[in-house]
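Just below is one structure, and these are the notes that go with it.
The values are calculated or read from the model by the stated rules, or taken from the named source; none is laboratory data. This is a predicted model, so every value here is computed, not measured. Quick reminder, even Gly has a Cβ in these numbers, built from the backbone with ideal geometry, and neighbours come from all protein chains shown. The protein model used for the area step is the full one, side chains on, heavy atoms only, and it has no ligands, DNA or RNA in it. Shrake-Rupley method; radii C 1.70, N 1.55, O 1.52, S 1.80 Å.
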Amino acid sequence: MNTEGSFKKELRDWIVVRNQKIAPEDFDDDTPLIQERIITSLQVLDLVLFLEELTGSAVDVEQLKPGAFRSVNVICASFGPGGQRGG
Amino acid sequence: MADFAQVLDRLCAASRRRYLDPYAEIIWPDVLEADAWSFTPELISLYGTGVWEEMTDAQRRSLSFFETVNFFSLNIHGEKSLVEGLARRVHQPGAEDITPYLHHFLDEENKHMVYFGGFCRRYAGKVYRDRKVAFPREYAPGEEDFLFFARVLIFEEIVDVYNVRMAKDERLPAVVRRINELHHQEESRHLAFGRLLVKRLFDRYAAVWSPETLAGVRDYLAAYVGATWREYYNPDAYRDAGIFDPLAVQQRALEDQRCRAHRERVTARALKYLREAHVLEAGV
């Protein structure tokens, strides 16, 4: 399916749609998403569903390492093409 | 706080008087009646949507089974984190007065998982996965305890509306009605406890919170209501019922006016209480 570039674009688009108060130019691929409250902990359920849809693979949240959703780059490294599945 | 102590005594006495054995209370049929409704159709997450209108009666009844498995699964996941949180607070210094009731609360929540899990494993062979993730963070004094019990209250208020309705719905199998009935009986005590405790914690701590903390608490709880509802719209259940493109169906249902109105009706009691306790501001 995705290249790393298209994975990041889909992810960034999802974040902008979900946040509604942020524009694409307001964050980069290293911006700490949770810390900056660009994504809230309550939205992670939807993010996991979105990642499962995007990758076609289930995410086992019990196995997630701390910081697995820290930034677009970290999410891509964990769940994107060739990712480690779990951060 | 004499009233609070008296209510706790009454709740403890009621828990002892109505002590249930979850292994003896439910008669499990070998199989569920084929083609029966398993979930009150009017409460099914897709009820009234375009997808619902296009489904055959058999497809709707099949979805009703997977919605039951989802409802019981989300209860199990809620109860797992509830049991963890209650266990941390039993015998907590400063919470000695509520500890006797927390023992009953813990005991009853564990029993609920027995029958919810019993249904899911027997008839579906699985419990739907939990996708919630908690992130560690710093809290103001009392904020973590307050949010814990406020989350529990919101979650249980919504579940209870479904329990009451389905316990009486004669279209459903006896085992489903009985599980809903048993759960409601004990949850009504948990709700009475939660309403008193949430107000007490809020009155005690909100006065010392900064305006930013108070605003953060209110924003979080309003968002928590929405996040709780999303679990009722589970793409895994839609997929199991043979519905095409389940994630898109979930999103459309969440945005559907009829579904939105349903959520508002079910959540009205919880929000009214939270507004009257000044936890949420008017208009939320």
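Please count how many residues of region A:30-61 are closer than 25 Å to residue B:222 by Cβ and open to solvent by less than 50 Å² (accessible area, probe 1.4 Å). Of the residues in that region, 17 qualify. The lone criterion from (1) within 10 Å of chain B (Cβ to nearest Cβ); (2) open to solvent by 30 Å² or more (accessible area, probe 1.4 Å); (3) outside any helix (DSSP H, G or I) left unmet by residue A:65 is number (1). Of the residues examined, residue A:83 is one that is of a type outside the set (A, V, I, L, M, F, W, C), more than 8 Å from chain B (Cβ to nearest Cβ) and either farther than 17 Å from residue B:129 by Cβ or free of Cβ contacts under 8 Å to residues at least 40 places away in the same chain (or both). Within region B:86-116, restricting attention to residues that are of a type in the set (S, T, N, Q) and without any contact (Cβ under 8 Å) to a residue 24 or more places away in the chain, which residue is nearest to the other protein chains (Cβ to nearest Cβ)? Step by step, filter region B:86-116, then rank; the result is B:92. Restricting attention to region B:78-100, does a residue exist that is touching a Cys at 6+ places or on another chain (Cβ under 9 Å) and open to solvent by 20 Å² or more (accessible area, probe 1.4 Å)? Checked region B:78-100: at least one residue is touching a Cys at 6+ places or on another chain (Cβ under 9 Å) and open to solvent by 20 Å² or more (accessible area, probe 1.4 Å).
Looking only at region B:117-132, filter to residues that are more than 13 Å from every other protein chain (Cβ to nearest Cβ) and open to solvent by 50 Å² or more (accessible area, probe 1.4 Å); which one of those is nearest to residue B:82 (Cα to Cα)? So the residue we want is B:121. Hey, could you check region A:16-50 for residues that are part of a helix (DSSP H, G or I) and of a type in the set (Asp, Glu) and say which is nearest to residue B:249 (Cα to Cα)? That would be A:46. For region B:167-221, a residue qualifies if it is of a type outside the set (Lys, Arg) and touching a Gly at 6+ places or on another chain (Cβ under 7 Å), and the qualifying residues are B:201, B:205. Based on what the data block shows, is residue B:257 within 14 Å of another protein chain (Cβ to nearest Cβ) and modelled with pLDDT of 95 or more? No; evaluated as a whole, the condition is false for this residue. When region B:133-147 is limited to residues that are part of a loop (DSSP other than H, G, I, E, B), in contact (Cβ under 8 Å) with a residue 60 or more places away in the chain and open to solvent by less than 80 Å² (accessible area, probe 1.4 Å), the one that is farthest from the other protein chains (Cβ to nearest Cβ) turns out to be B:142. Residue pairs whose Cβ atoms lie under 8 Å apart, sitting 6 or more positions apart in sequence or on different chains, and linking a residue in region A:44-62 that is over 16 Å from residue A:33 (Cβ atoms) to a partner that is of a type in the set (Val, Ile, Thr) and at pLDDT below 90, are A:61/B:133. Would you confirm, using the coordinates I've provided, whether residue B:251 is of a type outside the set (D, E, K, R), more than 14 Å from chain A (Cβ to nearest Cβ), in a helix (DSSP H, G or I) and open to solvent by 10 Å² or more (accessible area, probe 1.4 Å)? So residue B:251 does not fit the description; no.
On inspection, residue A:13 qualifies as open to solvent by 50 Å² or more (accessible area, probe 1.4 Å), more than 17 Å from residue B:131 (Cα to Cα) and outside any loop (DSSP other than H, G, I, E, B). Restricting attention to region B:217-230, does a residue exist that is touching a residue at least 24 places away in the same chain (Cβ under 8 Å) and over 19 Å from the mean Cα position of the chain (by Cα)? Yes, the conditions are met somewhere in region B:217-230. Within the option set B:233, B:224, B:220, being within 13 Å of chain A (Cβ to nearest Cβ) and outside any helix (DSSP H, G or I) holds for one residue only, B:233.
For residue B:9, state whether it is within 16 Å of residue B:183 (Cα to Cα) and of a type in the set (D, E, K, R). Spelling it out, it is not the case that residue B:9 is within 16 Å of residue B:183 (Cα to Cα) and of a type in the set (D, E, K, R).
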